[in-house]
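Below is one structure, written out as structure tokens; comments come after it.
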There are 2 protein chains.
Amino acid sequence: MIDKKHLDYLTSIVGEENIKSDKAHLIAFCYDATRSRFEPDAVVFPRHEQDVSDILKYCNEHKIVIVPRGAGSGFTGGALPANGGIILSLERHMNKLLEIDMENMVGVVQPGLINMQFQKAVEEVGLFYPPDPASEEYSSLGGNVSENAGGMRAAKYGITKDYVMALRAVLPNGDIIVAGKKTIKDVAGYNTAGILIASEGTLAVITEITLKLIPKPKFKKTYMGVFPSVDSAMTAVFKSLAAGANPVAMEFLDALVIKALKQKFPHISLPENAGGILVGDVDASSEDEINSQLETLKNSFAQNGSIDFIVASDEEESKKLWFARRNASPATMIYGTKKLNEDISVPRSKLPIALEGIYKIGEKYGFNVPCFGHAGDGNIHVNVMVKDKTNEKEMEDGHKAIEEIFQYVVDLGGTLSGEHGIGLSKAPFMNIAFTEAEMNLFRSIKKAFDPNNILNPFKMGL
Amino acid sequence: MIDKKHLDYLTSIVGEENIKSDKAHLIAFCYDATRSRFEPDAVVFPRHEQDVSDILKYCNEHKIVIVPRGAGSGFTGGALPANGGIILSLERHMNKLLEIDMENMVGVVQPGLINMQFQKAVEEVGLFYPPDPASEEYSSLGGNVSENAGGMRAAKYGITKDYVMALRAVLPNGDIIVAGKKTIKDVAGYNTAGILIASEGTLAVITEITLKLIPKPKFKKTYMGVFPSVDSAMTAVFKSLAAGANPVAMEFLDALVIKALKQKFPHISLPENAGGILVGDVDASSEDEINSQLETLKNSFAQNGSIDFIVASDEEESKKLWFARRNASPATMIYGTKKLNEDISVPRSKLPIALEGIYKIGEKYGFNVPCFGHAGDGNIHVNVMVKDKTNEKEMEDGHKAIEEIFQYVVDLGGTLSGEHGIGLSKAPFMNIAFTEAEMNLFRSIKKAFDPNNILNPFKMGL
């Protein structure tokens, strides 16, 4: 519970209409895309950067916990008040598109702006913002930066960090800093923007984001490669990319996902004998280039045992090819009542052995583990399917399987998370991925920014 | 002077042949590409990461200053022992190419490896490492990472930070950390690699670097655009890029540089009426694409007043076009006995007004200020030419002009340094670019990594 005098002071900063502590608001801001629920003590809606600074300064002086929150669509509890505190919601006021600078191909936004609104605005003027997390329709750019969001186009275009040119941010002590510029190059001072990206709201509150844009590619086509097995599909991923293929996306569906899709969507047309599928777009500035890219893909897939290569002839066929990938996640629910899903990432050449080992761990505990995801960048969504979530033993086994999968993936040179972050959900596994020396360094960095530990504490295992 | 007992202990770590404190060695390691000279107390050549760890642990306990050094080719004194200490030289032993991983398109190197040796090795197997600082023949990759080196290809391919996937490093307390992986995506833990890049050896000693590689482009052609004025050339830079041109390089020569080149190299064939020149390569995977790119450039240059557009028909002609750019720096010496050269960077749309203002500041003090550089990424090498370097008043005026240029550039949204770093040379100007709050944050970050301030102190104005 927060002291009334603190609420009164915060009210004097933002006005009564911008601070809430009634039950309805506390419930409305207690969730994210995990199933966890943590009620805050209050929710405050800063109107602008100065409000953020005033709020943080006061809370830092009085050691009141602040949890920054964008759209609340995170998968790992990053925006949840794990142990009380005030939610600082950027979605109500600080959600504006401030500028599209055509001459420098740069966009400037506030953190609460929704990713897709930004994508649409820049595409209207012929520019392109590639990072497209699956949550693009409702996740905020501030959240995207704080988690370093990926997406479908990462294979060719990289991830959020590759587009952040500059940040404005407020430190826990209320200081406002600028990190980076609208310049391609800038080597003056430490790269503080670099460390704020993916810091999950634990170091500073981001108040403005300057994003690199690129010219919108003129032509796009959708392909699907059909393989007899997961192993051949996974091998084709890294072999085709090393052979010079450069698709926007190379998404993967395994045999269990294909089976689930057929069962759940009987009208779906998926190849009978598919043991693994790779699907994605290629894009380019000319049709010739598109065709040359498709040729490279087709040949390289064939060399790695593909049994079919389909190219969509129009938008409708493209949608049909994408339907399977877009519905992979709900389809997997045929295998259980509870999905323990992780987003591991490995060096691409390790994909075949990674999948093989993951299935073995699943078998050991008796779980189906359907896998799909962004194979083109080595990032796979692994789903341990619990048949009966009310069965405690089965749930416990599920968590054991997840832990074994993490250990296995890290041993292969992989990581706990490709794009969802650590937050609360993966915090218990940080010791698998990091040594005590590395964790100590993280704690020192946290302390350098936030000596009183008021900003989003209890996250990332710190 | 360093205590003999410390030298003895360090000798017990690395062996007598790997630690030197005789005058010849102290002089050999007292310089870099600045004209400054600072003698160290000793030079130590670690054989491997464990040596680095043992040395740092001991020096941290005894508060002995350590200055990491690659090839000593820096332009801002980053590898100089500003106030004594031990040079930790990575060039003798820790200079190996450890791995070219073809399947993941990744190279793993030790910090002392020379940039060009790495470029050649990866090109031999059909891969490509784009960052090519002008020092590529002799600068080390560890130095490139520590300064976040740019180069000629940054307009299309970005800079060193865009290629660093992972680092191994030793913290001042001797702890060995791994930051990053061979994965495209990794959002677990803070992005410590991000902050080590461009940290100028002040936070940790980098012991291993994992670098992203890309397929080697198959076709390349050199172009030159000739403009009547600096203003029209600078306008063509951002207009052509915003129109979709995507050259590898778009290098700039101003009227003073062109005049100097003609005087210094009478045989050079440069257009008579050129007031500004843009020169560079385009590359692509097909000749069609090259031609389409050249067409875009040519049209866009013409729309912005170009008077000629030349395309090299073969390698020899390409070398001729590049000759002017490659010899720009020495040619400027016709204007004086001392060159005060800076590498400012601005948002590209500000290039015309930036150059206009820089010339005005030069005029005010009576200096010729020939400018050239990487216009395609907004990074210009500005040269305030002092006629008589023995004239104290003129030298003082030169430094005043530089300070005014920095202030002007920062006011335009630009930075003190696009690729050379801050080191000692630009430390006095940090207060132009950063607020007290930002400098305090830098100091906190420094302290988080290096609480005893033993690692490369007195740099970056900290």
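Coordinate-derived values only; no laboratory data. These numbers were taken from a predicted model, which means no experiment stands behind them. Every residue, glycine among them, receives a Cβ derived from its backbone with ideal geometry; neighbour counts consider all protein chains shown.
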Problem - Built amide H within the under 5 Å cut-off of A:E99, gap 5+ - result: A:V108
Handout entry: Degrees separating the helix A:315-326 axis from the principal Cα axis of chain A, which is the longest one
Key = 70
Practice task
Provide an ascending nm list, one decimal, of label-point separations from A:K264 to the equivalent residue in each further copy; define each label point as 7 Å from Cα along Cα→Cβ.
Solution key: 6.7
Handout entry: Counted charge near B:D51, where neighbours are those whose Cβ lies closer than 13 Å (Asp, Glu -1; Lys, Arg +1)
Key = 0
Practice task
Take every DSSP beta bridge with both residues inside region B:1-148 and express the antiparallel ones as a percent of the total, to the nearest 5.
Solution key: 50
Handout entry: Across the identical copies, how the B:H6 labels are spaced - nm, sorted shortest first, 7 Å along Cα→Cβ
Key = 4.7
Fill in the blank from the handout: Phi-derived 3J(HN,Hα) across region A:74-81 with the Karplus relation (6.51, -1.76, 1.60, θ = phi - 60°), rounded Hz, x for Gly and Pro, is x, 9, 10, x, x, 9, 9, x
Practice task
Run the dipole for the protein assembly as shown about the Cα centre, Lys and Arg Cβ at +1, Asp and Glu Cβ at -1, nothing else charged, and hand back the magnitude in debye, nearest 20.
Solution key: 620
Exercise for the section: Determine the gain in length on full extension of the stretch A:R326-A:I353; use 0.36 nm per residue of separation and subtract their C-alpha separation, reporting nm with one decimal. Expected result: 7.2 nm
Exercise for the section: Kindly flag which residue pairs out of A:K212/B:K426; A:K181/B:K320; A:K185/B:K400; B:K96/B:K216; B:K156/B:K350; A:K181/A:K221 have an alpha-carbon separation exceeding 30 Å in this structure. Expected result: A:K181/B:K320; A:K181/A:K221
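So which chymotrypsin sites (Phe, Trp or Tyr not before Pro) in region B:293-391 are both in a DSSP loop and have at most 10 other Cβ atoms within 10 Å of their Cβ?
Answer in residue order: no site qualifies.
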Practice task
Please give the length that would be gained between B:K264 and B:D411 if that part of the chain were fully extended, namely 0.36 nm times their separation in residues minus their C-alpha to C-alpha distance (nm, one decimal).
Solution key: 49.4 nm
Exercise for the section: Assuming R0 = 30 Å, can you tell me the calculated FRET efficiency for the pair B:D308 and A:D162, based on Cβ-Cβ distance, to the nearest 0.05? Expected result: 0.25
Handout entry: Inter-label distance for A:A437 and B:N273, nm, one decimal - labels placed 7 Å from Cα along Cα-to-Cβ
Key = 6.5
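Percent antiparallel among DSSP beta bridges with both residues in chain A, to the nearest 5?
Of those bridges, close to 85 percent are antiparallel.
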Practice task
Report the one residue of A:I307, A:Q293, A:P247 whose Cα lies farthest in the direction of the positive end of the charge dipole of region A:232-326 (charges on C-beta: Lys and Arg +1, Asp and Glu -1; origin at the Cα centre).
Solution key: A:I307
Fill in the blank from the handout: Helix B:49-61 sits off the longest principal axis of the Cα atoms of chain B, rounded to the nearest 10 on a 0 to 90 degree scale, by 70
Practice task
Please list the non-local residues whose amide H lies under 5 Å from the amide H of B:G276, H modeled 1.01 Å from N, same-chain partners needing a gap of 5 or more.
Solution key: B:F227, B:S229
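Where nothing but the Cβ of Lys and Arg (+1) and of Asp and Glu (-1) is charged, how large is the charge dipole of region A:1-142 around its Cα centre, in debye to the nearest 20?
Once rounded to the nearest 20, the dipole reads 620 debye.
Just to be sure I understand: of the beta bridges DSSP finds with both ends in region A:17-104, what percent are antiparallel, rounded to 5?
Among the beta bridges of region A:17-104, antiparallel pairing accounts for roughly 20 percent.
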Completion exercise
With the label set 7 Å along Cα→Cβ, A:A24 is separated from its counterparts in the other copies, in nm and shortest first, by 8.5
Exercise for the section: List every residue whose amide H lies under 5 Å from the amide H of B:T207, counting only residues 5 or more places away in sequence or on a different chain, with H placed 1.01 Å from N in the peptide plane. Expected result: B:R168, B:A169, B:V170
Handout entry: Phi-based couplings in Hz for region B:186-194 (Karplus 6.51, -1.76, 1.60; Gly and Pro marked x)
Key = 6, 10, 8, x, 5, 7, 5, 4, x
Practice task
Output ³J(HN,Hα) for region A:23-38: one whole-Hz value per residue in order, computed from phi by the Karplus curve 6.51 cos²θ - 1.76 cosθ + 1.60 with θ = phi - 60°, and x for Gly and Pro.
Solution key: 4, 4, 5, 5, 6, 5, 10, 9, 10, 8, 7, 7, 8, 6, 10, 9
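Fully extended, how many nm does the chain gain between A:E363 and A:K319 (0.36 nm per residue separation, minus their Cα-Cα distance)?
12.4 nm
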Fill in the blank from the handout: When the charge dipole of region A:33-95 is computed with +1 at the Cβ of Lys and Arg and -1 at the Cβ of Asp and Glu, the Cα pointing farthest to the positive end, of A:P81, A:H62, A:M94, is that of A:P81
Completion exercise
With Cα coordinates, the longest principal axis of chain A makes an angle with the long axis of helix A:4-14, in degrees rounded to 10, of 70
